[in-house]
1. Leaving out same-chain residues fewer than 8 places away, which lysines sit with a Cα under 29 Å from that of Lys186?
2. If you filter the stretch 119-177 for GluC sites (Glu not before Pro), then keep DSSP loop positions with at most 13 other Cβ within 10 Å, what is left?
3. For the stretch 79-85, in order, what is each residue's ³J(HN,Hα) by Karplus, 6.51 cos²θ - 1.76 cosθ + 1.60 with θ = phi - 60°, in whole Hz (x at glycine and Pro)?
4. Below 8 Å, C-alpha to C-alpha, sequence gap of six or more: please give me the relative contact order for the chain in percent.
5. Can you give me the three principal axis dimensions of the stretch 70-188 from its C-alpha atoms, in Å, biggest first?
6. Accessible area of the chain with a 1.4 Å probe: how many percent of it is carbon plus sulfur?
7. Around Gly85, which amide H atoms from residues at least 5 apart in sequence, or from another chain, sit under 5 Å from its own amide H, with H modelled in the peptide plane?
8. For q = 0.14 Å⁻¹, what log10 I(q)/I(0) does the stretch 158-245 give under the Debye formula with an equal point scatterer on each alpha carbon and no solvent?
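The values are calculated or read from the model by the stated rules, or taken from the named source; none is laboratory data. This one's a predicted model, so the numbers in the text were calculated from it and none came from an experiment. Virtual Cβ from ideal backbone geometry, glycine too; neighbours counted across all protein chains shown. Heavy atoms of the whole protein, side chains included, go into the accessibility calculation; ligands, DNA and RNA do not. Shrake-Rupley method; radii C 1.70, N 1.55, O 1.52, S 1.80 Å.
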Amino acid sequence: MRKPTLLLILAVLSLPGMAESVDYKLSLSLAGISIGAGSCTYRENYVLHDGQDALQLQLIMSTGRAAGLFYHLKDTVTSIVKPDGTPVNYCKIANEGGVHAVETAVFTQGDDGWSVGIGINKEGTTPYEKNLKYPDKVYDMLSMLKSMRLVNTDSKEKGDVLDIPMVNGDLIVVQHIVCNGRTVIKDGMGKKYNCMEWSVRDNKLEKERETMRVYVTDDARHIPVRMDIVLGKCFIKALLNGYTE
């Protein structure tokens, strides 16, 4: 488990420059109650990994004091990807609902497909490692989001589906990315954007469920203006509140 985390730290220390920073304000819904929840930042940095150009993707999300009374959340998710979006390393440090956990993954391509080395360290349980095999390229949460942003939306219409295998805990679960068509979304400052709406669904619980809905600008930048994220029993909405590139 230490290896991927160390690699991520080394990548951070070698930052040559910022590619993009997106700030969000959060609202949390739990048991029918919706309140301001805190803040979230998504960053992309240019890095060197094993001497090669790469991108560090990072999502930092935390609830404020009021929302913490209902559901405490403090997550730092980091992914290293190649310039084409291919995942290399992943690390999620999470404190959700009072439970601390660290999840890591190392992605390796071989002659017979992909190998994913998983490390799970969850409070109250015994840490363990697991190696998974899969015939196709496997993503993590952030590299999946990056791949969605790389899609040419000009060629997509309502009802189109992208199937993306993704690490989820110690499993590989196929995410069905469904295009819900185009819509207009307001950001946290009231500015309107023409967006493509994507619904992220899986069958982890033996029935289809929606785990996230993402609205990206229908232009070359594909900025995620809004992200609706299901986390356990609560629902988090992240709304664009600042953008820098």
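1. Lys25, Lys74, Lys146, Lys156, Lys158, Lys233, Lys237
2. Those that pass, being in a loop and sparsely packed, are Glu123, Glu157.
3. For the stretch 79-85, the Karplus-derived couplings read 9, 9, 10, 6, x, 8, x Hz, x marking Gly and Pro.
4. Relative contact order comes out at 16 percent.
5. 47, 47, 24
6. With neighbouring chains kept in place, the figure for the chain is 51 percent.
7. Long-range HN contacts for Gly85: none found.
8. The computed values of log10 I(q)/I(0) come out as -0.54.
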